[in-house]
Structure formats: structure tokens, C-alpha cells
Amino acid sequence: MKRGELYRVAHPSARDPKKSRVFVVVSRQVLIDSRFSTVICAPVYSAYDGLSTQVLIGIDEGLKHDSSIHCDELVSLPKSVLTNFVGSLSPQKLDALNKALRSALDIAE
């Protein structure tokens, strides 16, 4: 598992109406590689509102249609549910993700 990889998760939460949702792993690699059982992820939605905390992704990342990563809705997920690999972010999309995360967390560059 690597930072920037996308995984489809079945029944991600009781309040999510979708049967499955794609998430992007955003934790730092040292945590992903550690013995800890969870990683921080950002959900992917088909909606895009043009916010600085959203990153456009789509077919190039393994999805069926244009979508966006929503960095304002970070969640901790068990590594054990991240088994259905969808795709990976390019270096350029990882840069955009880093920028969106900094914006979501109000961290200056």
C-alpha cells in the first residue's frame, strides 16, 4: 500500500448511502508501513465544487468517470478494508493533493 493509491471500500460508514466508495490513502508512507492498523484517507465523490480542498481525478486514475478527492473529509480507515485497488495518482496529482491537504488543514507552504 502506498500514499496516493485509490481503493474501493464496501459500506464505508453507516451514514454513507453508497454501497461502496473510493478513498485515496493520504497518510505518510512511514505510517502506512508501520504496525499501526489504520491509515488516513480522503473520500472520492463525483461532485466537484471548485474548492481549493478538492482535486479533480478520473479515468487516468482508474475511475469510470470524472470525480474529485475531498480533503475536507479525512477519515481513518483500517488497512484491512483497503483491498480493492483502483489506481494511483500521478506525481502531478500527488502535488495537487498535497496542496489541497495544506489548504484543508490551513498549513502555510
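Just so it is clear, none of the values below were taken in a lab; they were calculated from the coordinates. Being a predicted model, the structure only gives us computed values, none of them experimental. Here the Cβ is made from the backbone with ideal geometry for all residues, glycine too, and neighbour counts use every protein chain on show.
Numbers for the structure displayed
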quantity	calculated
Residues H65, H11, H70, sorted so that the one with the fewest Cβ neighbours within 10 Å comes first	H65, H11, H70
Of A96, C41, H65, farthest towards positive along the dipole that unit charges on Lys, Arg, Asp, Glu beta carbons give region 5-104	C41
Hz values of 3J(HN,Hα) by residue in region 50-62 - Karplus curve (6.51, -1.76, 1.60), Gly and Pro given as x	x, 6, 5, 9, 10, 10, 6, 9, x, 4, 4, 9, x
Of every Cα-Cα pair in the chain, the percent that sits beyond 22 Å	25 percent
Neighbour-limited loop hits for trypsin sites (Lys or Arg not before Pro), region 20-83 (at most 12 other Cβ within 10 Å; DSSP other than H, G, I, E, B)	R28, R35, K64
From phi via Karplus (6.51, -1.76, 1.60), per-residue ³J(HN,Hα) for region 26-34 in Hz, x at Gly/Pro	10, 4, 5, 4, 4, 6, 4, 7, 7
Potential extension, I59-V86 segment - 0.36 nm per residue separation minus Cα distance	8.7 nm
Sorted by Cβ neighbour density within 10 Å, fewest at the top, the residues D95, D106	D106, D95
Pairwise label distance in nanometres, R35 with K19, each label 7 Å out on the Cα-Cβ vector	3.9 nm
Charge context of S88, other residues only, Cβ under 15 angstrom, K/R +1, D/E -1	0
Neighbourhood net charge (9 Å Cβ-Cβ; Lys/Arg +1, Asp/Glu -1) for E109	+2
Residue-span extension gain [I107 to S46] - 0.36 nm each, minus C-alpha spacing	19.3 nm
Residue with peak Gaussian network fluctuation, the chain [Cα springs, cutoff 10 Å], from L31, L97, L89	L31
